[in-house]
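The values are calculated or read from the model by the stated rules, or taken from the named source; none is laboratory data. Keep in mind the model is a prediction, meaning the values are calculated, not measured. Virtual Cβ from ideal backbone geometry, glycine too; neighbours counted across all protein chains shown. Accessible surface areas use protein heavy atoms only, side chains included; no ligands, DNA or RNA. Shrake-Rupley method; radii C 1.70, N 1.55, O 1.52, S 1.80 Å.
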Amino acid sequence: MQSPAPTADPRALSFWHDTVPGDLAPRPALPGDQSVDIAIVGAGYTGLWTAYYLKRADPSLRIAVLEATFAGFGASGRNGGWCSAIFPSSLAKVAKVAGSRAAATALQRALNATVDEVGRVVAAEGIDCHYAKGGTVVLARTPVQLERAREEVEESHAFGFGEEDLRLLSAKEALRQANATEVLGATYTPHCAAIHPARLVRGLADAVERLGVPICEQTPVTEIRDGAAITSHGTVRAETVVRATEGYTATLQGFKRTLAPVYSLMLATEPQSDEVWSEIGLSQRQTFADERHLIIYGQRTADGRLAFGGRGAPYHFGSSTKPEYDREPRVHAELRRVLVELFPVLGDVKVTHTWGGALGVPRDWFASVGVDRAKRLAWAGGYVGDGVGASNLAGRTLADLLRGQSTELTRLAWVGHRSRPWEPEPVRWLGANLGLRVMGAADAEEARTGRPSRRAALFGRFIGH
């Protein structure tokens, strides 16, 4: 894997990196050729959760984690801090792919339970990641958005979930949670916890090391082949190599079209006063979004800031990932505008941090976990930005699969799923950026016509929704 260009000051990567305790100096690189039972490429959530559950299940396993820069450099250290139960494909699509409504329900129930599993582990390991299970409120601010919210709740209930999992809120109920403008209603789920993502990933790395698993940082993997992870520092040979590289997967030889790296950008405000928070709400640190097509997301941080992000940054030709893509002044200015539109009390708010990072998007928007015994390769990812919770479930699932266990987790609908490759360039670049434009235009179209966007429906078919 080509090493992501390091920043001179790792704390400048994001608000989360700037405020994480401890030293961000990288651990030593791989000292030379090694042989292990399991080699894990990537020290983000997926790789570290996999190492954690494997070593807990079987302390005799020889495991090595290889990381291009430092643990938590990528999306695991930069995300919106939603430990959610979100899967990138709808229940209906999961049922169609799996051939069973029961399979879709089982996957969703496993994801719901994962939010509490993360809470259990951080408490047990003493990881102070500001975990607060306040749920998620998704606001509906136009009649079309309100209808979309109703349909989401109806689908959830049709698959056997109840009001305790997802419910429709009236405008009055929604405003008690998040006092935003033009609110007509909302959905609410309790299955989400706000976290400090860099605190989680750095604490998880420390927990993995305490179990006796070495994390070799400054060790970019260039190729995974026949049970070997090849680096400039040496080759690690293993019974199985786990690919846990998400937004940087395209830098691995042979995986250029597996996942498209799409950038999501964020900002953080200065800490707000109690008076401002009494106006905004989010008293339980609920994570929040609305029903627009061009995704936005936010949380109230433990120190009283708003951390707010969204899509809108372009996909870069050739699945390129570079530090200069982390900040797009136009997109960050639009994020600030939207935040103030939602909460006018923030009109003069100071933004203290702006940042971004690449997430991994499979061609069919369907995350997956699997093991290919013939190729001695395992993988997990394709979370489309909702990997904080899903990566924990992936790590537990891989731990079972790699030990040859047959469990409820190894029978879930995403296990063994194979997304077809993305199109070659320039088709990939044209399609990804066209989709970005379509979703942005769809919101304007709905505001203008008062009807669901045909463009969004057409693009949904393109990505397989």
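Kindly provide the helix-only [θ] at 222 nm of the chain, computed as the sum of -39,500 (n - 2.57) over DSSP H runs of four or more divided by all residues, to the nearest 500 deg cm²/dmol?
Here the helix-only value at 222 nm equals -11000 deg cm²/dmol.
For residue 447, what is the net charge nearby, where nearby means another residue's Cβ is under 11 Å from its Cβ and Lys, Arg count +1, Asp, Glu -1?
0
Using a probe of 1.4 angstrom, how much of the accessible area of the chain is carbon and sulfur, in percent? Please report the intermediate quantities before stating the final value.
Working: 9600 of 18270 Å².
Accessible surface attributable to carbon and sulfur in the chain totals 53 percent.
Write down the accessible area per residue of segment 1-140 in Å², having rolled a 1.4 Å probe over the full set of protein chains.
On the way: 4950 Å² over 140 residues.
On a per-residue basis, segment 1-140 sits at 35 Å².
Hey, can you rank 143-153, 79-89 by average C-beta count inside 10 Å, highest first?
Packing order, densest peptide first, comes out as 79-89, 143-153.
If you average the sequence gap of Cα pairs under 8 Å that are 6 or more apart and divide by the length of segment 286-364, what percent do you get for the contact order?
19
Quickly rank 191-197, 98-104, 205-211 as a protection proxy: mean count of other C-beta atoms within 10 Å, highest first.
Result, highest mean Cβ count within 10 Å first: 191-197, 205-211, 98-104.
Among DSSP beta bridges whose residues both lie in the chain, state the antiparallel percentage, nearest 5. Don't skip to the end; give the middle numbers.
Numbers: 47 of 68 bridges.
Just about 70 percent of them are antiparallel.
So which of 256/375; 55/256; 96/172; 96/133 end up more than 29 Å apart, counting from Cα to Cα?
Cα-Cα > 29 Å for 55/256; 96/172; 96/133; rest within.
Report residue 256's accessible area, 1.4 Å probe, all protein chains in place, as a number in Å² to the nearest 10.
So the heavy atoms of residue 256 present about 100 Å² to solvent.
Angle check, please: helix 101-124 long axis (alpha carbons) against the longest principal axis of the chain (alpha carbons), in degrees 0 to 90, nearest 10.
So the inclination is approximately 80 degrees.
Cα axis of helix 143-158 to longest principal axis of the chain: angle in degrees, 0 to 90, nearest 10?
Helix 143-158 sits roughly 50 degrees off the main axis of the chain.
Find the accessible area per residue for segment 312-465; the probe is 1.4 Å, ligands and nucleic acids are left out, and the unit is Å².
46
Starting from the Cα gyration tensor of segment 195-259, take the square roots of the eigenvalues, sort them a ≥ b ≥ c, and report rounded, prolate or oblate (rounded when a/c is under 1.5, otherwise prolate if a/b is larger than b/c, else oblate).
Note, shape of segment 195-259 comes out oblate.
Given Cβ point charges of +1 (Lys, Arg) and -1 (Asp, Glu) and nothing else, what value in debye, to the nearest 20, does the dipole of the chain about its Cα centre take?
Numbers: 53 positive and 51 negative charges, 242 e Å.
Around 1160 debye, computed over the chain.
Students often check this: by mean Cβ neighbours within 10 Å, which of 425-431, 383-389 ranks highest, and how do the rest follow?
Order by mean packing, descending: 383-389, 425-431.
List the trypsin sites (Lys or Arg not before Pro) within segment 334-364 that fall in a DSSP loop (any state other than H, G, I, E or B) and whose Cβ has at most 13 other Cβ atoms within 10 Å.
Passing both the DSSP loop test and the Cβ count: 350.
Any idea what angle helix 45-57 forms with the longest principal axis of the chain, computed on alpha-carbon atoms, 0 to 90 degrees, nearest 10?
That works out to roughly 60 degrees.
Can you list residues from other chains, or at least 5 along the same chain, whose modelled amide H is less than 5 Å from the amide H of residue 34?
Those lying under 5 Å, H to H, from residue 34 are 235, 236, 237.
Taking the Cα centroid of segment 221-296 and of segment 155-220, what is the distance between the two, rounded to the nearest whole Å?
A separation of 15 Å, based on Cα centres.
Can you run phi through the Karplus equation (6.51, -1.76, 1.60; θ = phi - 60°) for segment 445-459 and list ³J(HN,Hα) in whole Hz, with x for Gly and Pro?
Each residue's phi maps through the Karplus curve to give 4, 5, 5, 7, 9, x, 10, x, 6, 5, 4, 4, 5, 5, 5 Hz.
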